[in-house]
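The values are calculated or read from the model by the stated rules, or taken from the named source; none is laboratory data. The shown structure was predicted, so the numbers you read here are calculated from the model rather than taken from an experiment. Backbone-built Cβ (ideal geometry, glycine too); neighbour counts: all protein chains shown.
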Amino acid sequence: MNRVTVAAVQAAPVYLDRAATVARVLELTAEAARLGAKVIVFPEAFVPTYPDWIWRISPADGALQDTFFERWLANTVVVPGPDTELIGKAAKKARAFLVVGVNERVLRRGTVYNSILFYGPDGTLLSRRRKLMPTSSERVVWGMGDGSTLEVHQTPYGGLGGLICWENYMPLARFAMYAQGIDLYCAPTWIWGKDQGWQATLRHIALEGRVAVISAAIANRTESVPDDLPGRDQLYGEPGWICPGGSVIVGPSGETLAGPLYDTEGILTAEIDLDEMATMRRTLDVAGHYARPDVFRLVVNTSPRPIAELSATEAPPLGRRFNEQERVPPRKT
């Protein structure tokens, strides 16, 4: 039988500490590999944490928002960079495909993106996926991605890709994944409370796409928030779960194979029968024989959408001088 063991890692990041959280990724990746996992999925925005304060602080309180944002920004991840190299080494050591949610900042220290990083078992950073549409208050801290990162990677276990949290409620985004041949569908998330509707969504996706869904969620408590953050006692004073988890693995028949896991940290694993997945598409293949391209057609813009496009011209840029090696030789007549 053509099978693969997959893992959903439910854990707490070291709140607003990039280096310590990356160290947790390395440790937990090794642990999942010891459980036999060849595809390992971490939660949304795991490094250095999901910015849950956006739901607790009034948008009108700009000063307090800025205080949390500054600490968070200082601990976000540059892609590629030293942190991504460390995670790549962990993937190589585990000999597994590794999917890790990070808060990605650009070098100019401004906009942050909600991204997931895909690594191959050789440690190569295959791609990063930026969340297309931050949800509600998430727009206070995250920018919007574009279609250039909507890709599915072909692996020995089938197509590997995924969408982040409420992106999974975007029917066209899901179809873009199906159309690219996704089989192992990653849905990293952060869930406020025990949302049974989310569990139903994941089962629906599995049935709709005849895919295996691997959803990893953060599980962290108010006690993990640093004491020196202003307003900490008012925002997080009561002991309890900030996010209780909810990680789950669902098979292509819609059957829950592991989880959902709540109120604890842990690693869920399940063995996926890849042959069953293909067989089930005999009766329903939404991106194949069950599609009607003569009636419906999806157009996906996969080109990068930079805010500025810089192009070379014949004249040197303003303020720059050509040296001797850069001089254009005279034309022959």
Out of Glu31, Glu44, Glu27, sole residue that is loosely packed, with under 14 Cβ neighbours inside 10 Å and either at pLDDT 95 or above or outside any loop (DSSP other than H, G, I, E, B) (or both): Glu27
Residues located in the stretch 187-204, provided they are in a helix (DSSP H, G or I), touching a residue at least 40 places away in the same chain (Cβ under 8 Å) and aliphatic (A, V, I, L, M): Leu202
By residue number, the members of the stretch 281-299 that are under 16 Å from Ile182 (Cα atoms), under 27 Å from the mean Cα position of the chain (by Cα) and touching a residue at least 60 places away in the same chain (Cβ under 8 Å) are Arg281, Asp285, Val286, Ala287
Quick check, is Ala176 closer than 21 Å to Val41 by Cα, part of a helix (DSSP H, G or I) and free of Cβ contacts under 8 Å to residues at least 24 places away in the same chain? no
When you look at Leu64, is it farther than 17 Å from Arg18 by Cβ, at pLDDT 95 or above and not in a loop (DSSP other than H, G, I, E, B), yes or no? no
Would you please list the contacts, defined by Cβ atoms under 7 Å and residues six or more apart or on different chains, that run from a residue in the stretch 59-77 that is within 18 Å of Arg128 (Cβ to Cβ) to a residue that is of a type in the set (Asp, Glu) and at pLDDT 90 or above? Asn75/Asp17; Thr76/Glu104; Val77/Asp83; Val77/Glu104
Just the residues that are among the hydrophobic types (A, V, I, L, M, F, W, C), modelled with pLDDT of 75 or more and assigned to a loop (DSSP other than H, G, I, E, B), please, taken from the stretch 274-331. Leu284, Val286, Ala287, Ala291, Val295, Phe296, Leu298, Val299, Val300
Within the stretch 163-173, count every residue that is within 26 Å of Pro51 (Cβ to Cβ) and either surrounded by fewer than 24 Cβ atoms within 10 Å (Cβ to Cβ) or free of Cβ contacts under 8 Å to residues at least 60 places away in the same chain (or both). 7
Can you tell me which residue in the stretch 29-62 is nearest to the chain's Cα centre (by Cα), limited to those that are more than 17 Å from Gly245 (Cβ to Cβ) and of a type in the set (D, E, K, R)? Lys38
The condition of being among the β-branched types (Val, Ile, Thr) and over 18 Å from Asp183 (Cβ atoms) holds, among Thr264, Thr269, only for Thr264
Which one of these does Ser148 not meet: (1) closer than 25 Å to Ala278 by Cβ; (2) surrounded by fewer than 23 Cβ atoms within 10 Å (Cβ to Cβ); (3) not charged (D, E, K, R)? (1)
Inside the stretch 174-201, can you point out the residues that are surrounded by fewer than 18 Cβ atoms within 10 Å (Cβ to Cβ) and basic (Lys, Arg)? Lys194
Could you go through the stretch 188-197 and let me know if any residue there is more than 16 Å from Val6 (Cα to Cα), over 21 Å from the mean Cα position of the chain (by Cα) and of a type in the set (Lys, Arg). no
Quick check on the stretch 229-273: of everything there that is assigned to a strand (DSSP E or B) and in contact with a Pro (Cβ under 7 Å, 6 or more places away or on another chain), which residue is farthest from Phe69 (Cα to Cα)? Val248
Checking Gln196 against (1) closer than 22 Å to Asp83 by Cβ; (2) at pLDDT below 95; (3) polar (S, T, N, Q), the condition it does not meet: (1)
Cβ-Cβ under 9 Å, sequence separation 6+ or interchain: first residue in the stretch 1-26 and without any contact (Cβ under 8 Å) to a residue 60 or more places away in the chain, partner part of a loop (DSSP other than H, G, I, E, B) and of a type in the set (A, V, I, L, M). Which pairs? Ala20/Val14; Thr21/Val14; Ala23/Val14; Arg24/Ala11; Arg24/Ala12; Arg24/Val14
Would you point out the residue of the stretch 239-280, among those that are under 22 Å from Gln10 (Cβ atoms) and among the acidic types (Asp, Glu), that is farthest from the chain's Cα centre (by Cα)? Glu255
